[in-house]
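A.B. asks: Structure below; questions to follow.
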Amino acid sequence: MLRLCLVLYFVFAGFGIPSALAQTKQQEAGRGQALTVSGWIESVTFPDYGITVDAKLDTGASSSSIDVNDLERFKRDGNTWYRFTIADEGGKTVKVEMQTRRRAKIMRAEVEDTLRPIVKFKICLAGHVAETDFTLTDRSGQKLPVLIGRKFLADRILVDSNRMHIFSKRCETGK
């Protein structure tokens, strides 16, 4: 009898039970919607600015960040704003002015803690369009100008760390 139970367990474990459990977890995580599978590097579009760049999809990072140049802080109507430049892969640059949402303390082991301004951008990634917070920073020392963190990825995208550019559809640019 024990042998029969073990055989049945392994048969069911190999055929259907784990996939049914995985599907249930996926539906719970995605609130009933299928999640898009993307590579760890994908194209991201900032449709309001006509900019498309490669981005690292980083499940180890909570928030997203973008490489900016000429970062300048100023006041407008008593609120803190930032003026900066973003660029696409072809060298096209766009000057942006945005009100800051807040400042985040970034803690990394190898460097001193820093405060970074946070702004909200609308982005399109793997067919998903949504607004998300970005820290403004100098990412010139990084391989890619944009990092997309879990706050955007959650309930939308599963990251296949063995692949890049598996979602080939680029988003439309322009306002």
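The values are calculated or read from the model by the stated rules, or taken from the named source; none is laboratory data. Since the model is a prediction, treat every value here as computed from it, not as a measurement. In this analysis, Cβ positions are derived from the backbone assuming ideal geometry, glycine residues included, and neighbour counts consider all displayed protein chains. These accessible areas exclude ligands, DNA and RNA; they are computed on the full protein's heavy atoms, side chains included. Shrake-Rupley method; radii C 1.70, N 1.55, O 1.52, S 1.80 Å.
A.B. asks: What's the extension gain from residue 87 to residue 73 if we count 0.36 nm per residue and subtract their Cα-Cα distance? Before the final figure, lay out each step's value.
C.D. replies: Values: separation 14, 0.36 × 14 = 5.04 nm, distance 1.90 nm.
Gain on stretching residue 87 to residue 73: 3.1 nm.
A.B. asks: With all protein chains present, calculate the accessible area of residue 97 using a 1.4 Å probe and round the result to the nearest 10 Å².
C.D. replies: Roll a 1.4 Å probe over it and residue 97 shows about 80 Å².
A.B. asks: Then there is this: Stretched out fully, how many nm does the piece from residue 144 to residue 99 gain, at 0.36 nm a residue minus the Cα gap?
C.D. replies: Numbers: separation 45, 0.36 × 45 = 16.20 nm, distance 2.46 nm.
Working it through step by step, the gained length comes to 13.7 nm.
A.B. asks: What number, in nm² with one decimal, is the all-direction average of the projected area of the convex hull of the alpha-carbon atoms of segment 43-103?
C.D. replies: Numbers: hull surface 20.0 nm².
For the Cα atoms of segment 43-103, the hull's average projected area reads 5.0 nm².
A.B. asks: Separate question: Along the Cα-to-C-beta direction of residue 34, a point sits 7 Å from the Cα; which residues of segment 140-162 have their amide N less than 14 Å from that point?
C.D. replies: 157-158
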